[in-house]
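Bear in mind these aren't lab numbers, they're just calculated from the coordinates by the rules spelled out. As the structure is a computational prediction, the values presented were derived from the model and not from experiment. Positions of Cβ are backbone-derived with ideal geometry, glycine not excepted, and every protein chain shown enters the neighbour counts.
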Amino acid sequence: MKEIFPQVTVDAKVQFGKPVITGTRVPVEVVVGHIAAGDTTEAVMKEYGLTRAQVLAALKYAAKLVGEEMLIAK
């Protein structure tokens, strides 16, 4: 298991190596997907047994990835 961002880890044996919330099997993409779909932070926390800090960590990690991605407009 390797921490790649605060509260986000990857492990080839967990969720096929996708980034998950540390100490859980909840993929970051699931958390971000729920928020993007309009679910509240509280709903995601309740559904997956996460803390507010864990949900925010998933969002911060996703924002970091988007910020690192270079897109070239044509």
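P(r) for region 2-65, please, calculated from all Cα pair distances in 10 Å bins and given in %.
Final binned percentages: 24, 59, 17, 0.
Could you compute the net charge surrounding ALA53? Neighbours are other residues with a C-beta less than 14 Å from the C-beta of ALA53; K and R count +1, D and E count -1.
+1
Along region 63-73, what does the Karplus equation 6.51 cos²θ - 1.76 cosθ + 1.60 (θ = phi - 60°) give for ³J(HN,Hα), rounded to whole Hz, x for Gly and Pro?
Karplus values, whole Hz, x for Gly and Pro: 5, 4, 4, 5, x, 8, 6, 9, 10, 10, 7.
R0 = 22 Å: FRET efficiency of ARG52 with ALA73, Cβ-based, nearest 0.05?
So the FRET efficiency works out to roughly 0.05.
What list of ³J(HN,Hα) couplings, whole Hz, do you get for region 17-22 from phi and the Karplus terms 6.51, -1.76, 1.60, once you set θ to phi - 60° and write x for glycine and proline?
Taking θ as phi minus 60°, the curve returns x, 6, x, 10, 5, 3 Hz for region 17-22.
Setting aside same-chain residues fewer than 8 positions from LYS2, which lysines have a Cα under 23 Å from its Cα?
Of all the lysines, those that pass the test against LYS2 - Cα under 23 Å, at least 8 places apart if same chain - are LYS13, LYS18, LYS60, LYS64.
Mind checking the full-extension length gain between GLU42 and LEU65? Use 0.36 nm per residue of separation minus the Cα-Cα distance, one decimal, nm. Display every interim value, and only then the final one.
Working: separation 23, 0.36 × 23 = 8.28 nm, distance 2.37 nm.
So the extension gain works out to 5.9 nm.
Using the Karplus curve 6.51 cos²θ - 1.76 cosθ + 1.60 with θ = phi - 60°, work out ³J(HN,Hα) for each residue of region 30-41 in order, rounded to whole Hz, and write x for Gly and Pro.
For region 30-41, the Karplus-derived couplings read 5, 4, 4, x, 5, 5, 4, 7, x, 5, 7, 4 Hz, x marking Gly and Pro.
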